[in-house]
Structure formats: C-alpha cells, structure tokens
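Please read the structure below before turning to the comments.
A short reminder: the numbers here are calculations on the coordinates, not readings from a lab. Values in this document were obtained by computation on a predicted structure and should not be read as measured data. Cβ: placed from backbone, ideal geometry, glycine included. Neighbour counts: every protein chain shown.
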Amino acid sequence: MKSGNIMIVGVGGQGSLLASKLLGHLLLKEGFDVKVSEVHGMSQRGGSVVTYVRFGEKVASPVIDEGEADFIVSFEILEAARWLRYLKPDGHIVTNTQQIDPMPVIIGAKEYPKELEDKLKASGAAVDVMDCLTLAKEAGSAKAVNVVLIGRLSHYFDIPEDKWIEAIEEIVPAKFTEINKKAFELGRNFES
Amino acid sequence: MKQLMLGNKAFARGLYEAGCCVVSSYPGTPSTEITEEAAKYDEIYCEWAPNEKVAMEVTFGASLGGVRSFCGMKHVGLNVAADPLYTMSYTGVHAGIVIGVADDPGMHSSQNEQDSRHHAIAAKVPMLEPSDSAETLEYVKLAYELSEEFDTPVLVKMCTRIAHSQSVVETSQRACPPRKAYEKNIAKNVMMPGNAIKRHPIIEERTNNLKVWSETSGINKIEEGGKEIGIITSSTSYQYVKEVFGDSISILKLGMVNPLPDKLIREFASQVERLIVVEEMDPIIEEHVKSLGIKCEGKNLLPVCGEFSQNLIAAAMGKDIDTGKSLDDEIPVRPPIMCAGCPHRGVFYTLAKNKCVVMGDIGCYTLGAVAPLSAMDMTLCMGASVSAVHGFNKAMGADGEGKSVGIIGDSTFMHSGMTGLANIAYNQSNSTVIILDNSITGMTGHQQNPTTGYNIKGDPAGKIDLEALCRAMGIDRVVVTDPYDLDEFDRVLKEELAAEEPSVIIARRPCALLKYVKHNTPLTVNTDKCTGCGACMRIGCPAISMKEGKACVDKTLCVGCDVCMQLCHFDSFERIEKKGE
C-alpha cells in the first residue's frame, strides 16, 4: 500500500486516541508522510467521534471525505454504519460488536437499527465483526479493545508483524506491553 | 528528528524555541493544548488566567518587563480580550508578544462561527495563518521576530483542523534572547488622548511597512502550475485545494492574512485566466481583491457557513466526486451528553420539574438544554446567565423572580460571572444564581481555575472561596448543597426562589471524570420490582435504558450516583455490592 486513509470511529470516551497514536507512529517510521486529525471538546462527551489517519508520499488534507476511506475501524457497530458513506466501494470495515445506545434510543424516540452486521456486509464492503471486548479480556484487560482492532487491521497491511509489535512496545507503557501484544495477536489472527 | 505533532503542540514548541518566558491563557477549544503543552517546559512560566482579557494584559506587563510572552484563546475569547488588543496595537511591545487565536469553522465546540481575521484588521495588528504543524512552529518563531522588528503584537490564527491535526515537524533548540532592561516610556505606554493621538499615525505607517514585508518576505508565495485557474488561499483551505488540484493549477498561498500583499495579488491575478479565492468563513480576502479592482470569484461558489473539505471544493469547481454508500436504515444521531454520574444532571432535573426559566452559560452544563432534560432557555456567551437573569427579572418583576435562575459553572463564574453578580447586588434584583461548582474547568478537558486551589502544573495555589466572595459582593443568602441529593436540592431551590432578596446556590460536587473522585459500586435493576414506568428515564442518563419494558443499567457506565434510585417509586434500583462484602 503506497497511500491510504483510515477512519477510527466510536463513541466519545472509548479510547480511540491510542489507536491513532500507534498508527501514526508506525506509518511515520515506515517512511510515509502522515496526518492524523482528531476532535476534542464538546463532541467528546459521549458523542459520535472520528479520527482520520492519512498516509502517503505527501498528504495534503488532514481529513478524509465521503467515499475516500480504505478502512473504517469502529469501536461500536452503529458508528460503522453512520460513517459508511465515507468508505471506498472496495473498502474494509473492522468493527467491534459492542452496542452503545445513543440518547434518542435511550429515551425511546428512535430505534437502534437491527441486524447491522448483515446490512454492512450487504452494502458490498468487506467486514470483520469481532467481539473485541471478550478478546481484550482474554488478553488481560478490557481496555485493550483498541489494540485488538489494530491487530485485525494489521492483517491487511504489507508491513511485517514485528514492526507493529515494535510500535506497540514504543507507544504503550511498559507494564501494559504484554497485554497489548497478546490483544494484537488475538485481533490479527481473528477468523471472521 | 522528524515526529508527528499536534498543531497546538507545535505551537507550544514554537514558543519554547523562540524563547518565550511568560504564558497566560484561558482555556477554550480548540486552543487549549497550546498552553497545556507550553506548561510542560520548565523554562516557560505558564498560568491559567481567570479570563482572556486578564491573560492578554499579563502578556503586556511581561513584555514591558522585557521577556517574550504569549496568550492563547479561542475565537470568542478574543472578543473578551479585544479591549487590551486594540490599544496594545497603539503601544506596541517592548519584548515580543504573540497572541494565539483558534477559530472553529463548523462549530465543533463553539457557540458561533466568527472569523477572527476581522479583529486583526480592526485592531491593525498583523496576523499569520499556518496550514500545518510544521508551519505553525515556524510561524510562531517568525511572529516574535516580526513583533519586535515592527513593534506590534502579532496574532497567529489557528483553526480546528490545524490545531487538532498531527503532521510532521522537525524541532530545533531553544534560543532565548536576554531579558531587555525595563525602560519607562510614558509617551508610548500611557495611552491617554494626548499620547494616543501621536501613536495612531505611527500605527498606520507600521501597517504600510508590514505590507511591504508581506510582499517580499516569502511568507506569501506563488506556486506556479496551470494558468487556467489561479486560487488564492490559506490555512486548511490550502490543503484541501492541494488535495483536489495537486500541482495542476496556480496557487497564491498566503501565510500572512493581515495586511494583505496587494502587489503580489495583482501580479498573480495577471498570470491566470480565472481567479478564485478559497477561504473558509467570511469573504475577507475576496473583498480585498475586489477592492483592488480585480475581478475574482469566491463566495459565489463556496459557502460562508461551515467548514470546507476536499469534496466540497471539488464539487464547487464542477469536478465529479465519488461518494460512498449509505444504509437504508435511519441512523439515530449521537449528540454529546452529560456523562453518567455528572453532578449537573440532578440540578437540571430539578429545574425542569419546577418549570424554571433557566438562563444558561458556557460549559458542559449547556448540555442541560438537550432532551430529555431540556432545562435551558438561553445560552449566549461566558457570564451571560448571571446578567441576563437580572434583566429578565427587571422586565418580569415578581412573575420572573419566583421562577427564573441564572446557572453558571465555577470557572465561567470566575471568568465573567462575577461582574453580573455585582450588578445584581448593586441594582438589587431578586434574582437566583446557581453556581455549579464541580471543582474543575470541565468542558475543555479539566483545567484548574482560581477556585480549585491548584495551578496549571497541579501544584497548590491560591484558592478563592466562592461563598465568601459572593457574600463580600453583597449577597446575604449563599447556600451550598449537594446536587446528588434531589430532595434537598429541590427544597433549597424552592426556598431561594421564594426569598425576597438575591441568592446564590452553590451546587458542589466534583466532576465525575476527575481521577481522584471515588465512585460507589454500580446499581442494578430488580426486574421483579420495576414496573417500566420510565420515571428514571427523565434524567437522560446514558447508563440507563429500557430493555423489554424494564429499566436496565449498564454497569460499565454507572458510577452509583443514585440519582435514578431517588426517582424510582418502586425501589427497583439496588446496589451491586463488591465481592467479598
């Protein structure tokens, strides 16, 4: 892959920052120009949040627009559906199965859409749906959901596995390295 | 070494490398991280000031004291600091002053979409505008040189997409100029009419000199490409234009947006067949180009409202764009909400229950306006809740006084709520003000303020006693309550609304997200007792939902604040006890 666009989507507070930090660090070391765009402030308070990671020989725009994403990495499946129109026709979705009801659903004004997994697949996108929370707990911490997702994402890159592991070692605090390495493996070797 | 760096962190790095010694700011998205990152350098004295006006005046004092200084703020913060800015333009500087202002096109986290370039023009102060992190670092250093060479404060304008994007930078060493000796200069620094009259023509001359610099310094540059289309642009718009057109068109890329380089614009216009200005928000460059008698396009193609993107620009230029697919299902919106355990929730529930007219303010608690609480009647700007409830009551008399409140956070009260309270105390309205004291500045990501007892580095600092302050201002009825206790809060609210004099209710409970806050174990619902009446749903807690006709608590979100438990008539909520207890 000579260039690419990765969107990391989720609900404010789910911890997508580590995922984008890891990707940015790795892609820069691989010799790419990289831009990572985040949203801070009010929308972080339980709202829908998105981080854009772009890499290539030279990256201009800091954001990914509709129809431009090669990958959507999603912490919550409704968010994958929300941002679907940003995916390229041949793009990949790597998503957690977790469902978090948004306020209109909580108060009963709207319904949480049903069978999202099937509908995402029917859209023509390649979709990996993983119960990341269970995998993360298996690795040793519920907080490792982000690295499980990154593990699966790594499967689609021609960057050697040891480079990913190296990036985890350099970014994650030392006492959590082993948990995160295991979470990465569980994600990477996930069979959909 | 090449590294990825957030725009705001690159700004702070620029301050460090330029030898900045004093930083004073008020937090505001998307500017906050500039000051937070600067505070990590031991060589720079950093502080959170009570508001932007104070912060800017601190930089002026520091400049007189002979060191390079900085203040940072969001676009609306510059309105608060406009008073010192417009006259600091006249005094100029002793040591360099850089002012960081971050606009928020698209209003990701703001109450309006104002374009701070208007302030630069009106204050006659130069403004630089970087287009990525590397330029941010470079421009901040350049801004100090300009400030001292031209004897002026310099504005460096960020926007959300530059401030909150990481791109590649290369850092270098700090070069700190020696502190300049203080020089008393009444004619230059005491702006009374006789002196200011002499300064004004000097400022006009300075703008002319800056214009010459902007033509020749290389900060504004022509990137030659195809001559069919020529685009004048800056900031993140430049990046979108590059994304769409690459090198296929000609670009005049502006790094300085005030004053504008007339000669360069004329030269560029003469080289291209079709001239288009691509700028977010107001048509400032476009109107300037037209004022030079040059034909150009801009807002006839592109919107004034909202932020741009590559697709938006491509579509405006008549290019085909590929948009992706959507599902047929309606995707419910996911707006920001008050967190589980937020101490503000019980306050807004009680205000809604009592059908109060609520004058709101700026902070997390503006979310009290969101359904199902919907307990807010207006939000304008920092501090307006306190002033507006007074005006409302002067208009409504007893009809307003018994049911209206102004509601404001601790940090916002220190920022600009105190003056409104002084007005209530002085001009005697029977108003009720609620201060939501959650021991932190919440919305911008937990900054300390004068009421928390800690400074920007987390070290112990002066602490203003809110109760004593309100009493000293002439408010005799000052009550402190715990907003988790709904009955007590309801009692206090009714009592203070009924009182025949002004009152302040301090609803005190730390933000649930603060690391030191110890939470109770989560609650669960006894489905045998739950009747599905939905009383607990009226508080809009993200941890509670209805599943198969019964309330259900998400125990990963619940922090055991027990507000829902107090609403339940059937004792359905039960605490999950810790294992082993």
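Out of the DSSP beta bridges found with both residues in chain B, what percent are antiparallel (nearest 5)?
Taking every DSSP beta bridge with both residues in chain B, the antiparallel ones total about 25 percent.
Taking every pair of alpha-carbon atoms in the stretch B:1-82, give the share separated by more than 14 Å as a whole percent.
Counting pairs separated by more than 14 Å, the tail of P(r) holds 59 percent.
Cα gyration tensor of the stretch B:214-280, axes a ≥ b ≥ c as square roots of the eigenvalues: rounded (a/c below 1.5), prolate (a/b > b/c) or oblate?
Working: a/c = 1.78, a/b = 1.20, b/c = 1.48.
Here the stretch B:214-280 falls in the oblate category.
Could you please state, rounded to a whole Å, how far the C-alpha centre of the stretch B:379-446 is from the C-alpha centre of the stretch A:119-144?
Using only Cα atoms to place each centre, the spacing works out to 47 Å.
For the residues B:Tyr90, B:Tyr240, what sequence is obtained by ranking on other C-beta atoms within 10 Å, fewest first?
B:Tyr90, B:Tyr240
Report, to one decimal in Å, the Kirkwood hydrodynamic radius for the stretch A:1-129 based on all distinct Cα pairs.
Radius from the Kirkwood sum: 15.1 Å.
Could you work out, residue by residue across A:91-102, how many beta carbons of other chains sit within 10 Å of that residue's beta carbon, and then give the average as an integer?
2
Report, as an integer, the average count of C-beta atoms from other chains found within 10 Å of each Cβ along A:52-64.
On the way: counts 2, 1, 3, 0, 0, 0, 2, 6, 13, 15, 15, 11, 2.
Taking all residues of A:52-64 together, the mean is 5.
With each pseudo-label sitting 7 Å past Cα toward Cβ, what's the A:Lys114-A:Glu178 distance in nm, one decimal?
Distance between the two pseudo-spin positions: 4.6 nm.
Binning every alpha carbon pair distance of chain B at 10 Å from zero, what are the percents per bin?
Spelled out bin by bin, chain B gives 3, 16, 22, 22, 19, 12, 5, 1, 0 percent.
Limiting things to C-alpha atoms, what are the Rg and the maximum Cα-Cα separation (Dmax) for the stretch A:51-188, in angstroms?
For the stretch A:51-188, the Cα-based Rg and Dmax read 16.1, 48 Å.
Take the Cα pairs of the stretch B:2-216, get the Kirkwood Rh, then feed it into Stokes-Einstein at 37 °C and 0.692 mPa s and tell me D in µm²/s.
194 µm²/s
Classify the protein assembly as shown: rounded, prolate or oblate, from the alpha-carbon gyration tensor (a ≥ b ≥ c, eigenvalue square roots; a/c under 1.5 rounded; otherwise prolate if a/b is larger than b/c)?
Taking the square roots of the gyration eigenvalues as a ≥ b ≥ c, the protein assembly as shown is oblate.
What value does the stretch A:1-74 have for Rg/Rh, both radii from Cα atoms and Rh as Kirkwood defines it? Don't skip to the end; give the middle numbers.
Numbers: Rg = 12.1 Å, Rh = 12.5 Å.
Rg/Rh: 0.97.
Once the other residues with Cβ under 14 Å from the Cβ of B:Val480 are scored (Lys, Arg +1; Asp, Glu -1), what is the net sum?
-4
Please report, to two decimal places, log10 I(q)/I(0) for the stretch B:523-575 at q = 0.13, 0.17 Å⁻¹ as given by the Debye formula with identical point scatterers on the Cα atoms and no solvent.
After summing over all Cα pairs, the log10 values are -0.23, -0.40.
For A:Gln99 paired with B:Thr556, estimate the spin-label separation in nm (one decimal), with each label point 7 Å from Cα along the Cα-to-Cβ line.
So the label points at A:Gln99 and B:Thr556 sit 1.4 nm apart.
Would you mind checking the stretch B:126-156 for residues with the amide N under 15 Å from a putative spin-label position 7 Å along Cα→C-beta of B:Met191?
Once the point is set 7 Å along Cα→Cβ of B:Met191, B:126, B:151-155 turn out to lie under 15 Å by backbone N, inside the stretch B:126-156.
Using the beta-carbon distance between B:Ala181 and B:Thr87 and R0 = 25 Å, what value does 1/(1 + (r/R0)^6) give for FRET efficiency, to the nearest 0.05? Don't skip to the answer; put the middle values down first.
Details: r = 24 Å, r/R0 = 0.95.
Result of the calculation: an efficiency of 0.55.
What relative contact order, as a whole-number percentage, does the stretch B:2-216 give when Cα pairs under 8 Å and 6 or more residues apart are counted?
Here the relative contact order equals 27 percent.
Report the antiparallel proportion of the DSSP beta bridges in the stretch A:4-188 as a percent, rounded to a multiple of 5.
50 percent
Per-residue mean of other chain beta-carbon atoms within 10 angstrom of the beta-carbon, peptide B:538-545?
Whole-number average of other-chain Cβ neighbours for B:538-545 is 3.
For the stretch B:221-316, give the share of DSSP beta bridges that are antiparallel, in percent and rounded to the nearest 5; count only bridges with both residues there. Numbers along the way, then the final one.
Values: 3 of 14 bridges.
Taking every DSSP beta bridge with both residues in the stretch B:221-316, the antiparallel ones total about 20 percent.
At q = 0.15, 0.19, 0.22 Å⁻¹, what log₁₀ I(q)/I(0) does the stretch B:455-581 have when each alpha carbon counts as one equal point scatterer in the Debye sum?
-0.87, -1.07, -1.23
Cut-off under 13 Å on the C-alpha distance; same-chain residues fewer than 8 positions from B:Lys2 excluded. Which aspartates and glutamates are left, in chain and number order?
Of all the aspartates and glutamates, those that pass the test against B:Lys2 - Cα under 13 Å, at least 8 places apart if same chain - are A:Glu30, A:Asp33, B:Glu170.
With a 10 Å Cβ neighbour count serving as the proxy for reagent exposure, in which order, fewest first, do B:Val480, A:Val129 appear?
Details: B:Val480 14, A:Val129 20.
Fewest-to-most ranking of B:Val480, A:Val129: B:Val480, A:Val129.
In whole Hz and in residue order, list the ³J(HN,Hα) couplings for the stretch B:131-146 that follow from phi through the Karplus curve 6.51 cos²θ - 1.76 cosθ + 1.60, θ = phi - 60°; x for Gly and Pro.
Once rounded to whole Hz, the list reads 10, 6, 5, 4, 5, 4, 4, 5, 5, 5, 5, 4, 4, 5, 5, 4.
Output the relative contact order of the stretch B:344-508, whole-number percent, from Cα pairs under 8 angstrom with separation of 6+ residues.
Computed over the stretch B:344-508, the figure is 22 percent.
Report, in whole Å, the centroid distance computed from the Cα atoms of the stretch A:65-79 and the stretch B:256-331.
Centre-to-centre (Cα) distance: 28 Å.
For chain B, what does -39500 (n - 2.57) per DSSP helix run (n ≥ 4), summed and divided by total residues, give at 222 nm, in deg cm²/dmol to the nearest 500?
That comes out to -10000 deg cm²/dmol.
I need B:Ile362, B:Ile231, A:Ile165 ordered by Cβ neighbour count within 10 Å, fewest first.
A:Ile165, B:Ile362, B:Ile231
Along the three principal axes, how long is the stretch B:344-508 when you take its alpha carbons, biggest first, rounded to the nearest angstrom?
The principal-axis extents, from largest down, are 47, 37, 29 Å.
Using θ = phi - 60° and the Karplus form 6.51 cos²θ - 1.76 cosθ + 1.60, what ³J(HN,Hα) does each residue of the stretch A:135-143 get, whole Hz, x for Gly and Pro?
The phi angles translate into 5, 5, 5, 4, 6, x, 7, 4, 6 Hz.
Quick one: of B:Lys124/B:Lys180; B:Lys141/B:Lys188; A:Lys35/A:Lys58; A:Lys29/A:Lys88; A:Lys88/B:Lys319; A:Lys114/B:Lys547, which pairs are farther than 20 Å apart, Cα to Cα?
Over 20 Å Cα-Cα: B:Lys124/B:Lys180; B:Lys141/B:Lys188; A:Lys29/A:Lys88.
Which translational diffusion coefficient, to the nearest whole µm²/s, is obtained for the stretch B:101-190 from the Stokes-Einstein equation, given a Kirkwood hydrodynamic radius over C-alpha pairs, 25 °C and 0.890 mPa s?
On the way: Rh = 15.4 Å.
It comes out at roughly 159 µm²/s.
Mind jotting down the distance between the C-alpha centroids of the stretch B:509-547 and the stretch B:1-35, whole Å?
Cα centres, the stretch B:1-35 to the stretch B:509-547: 39 Å.
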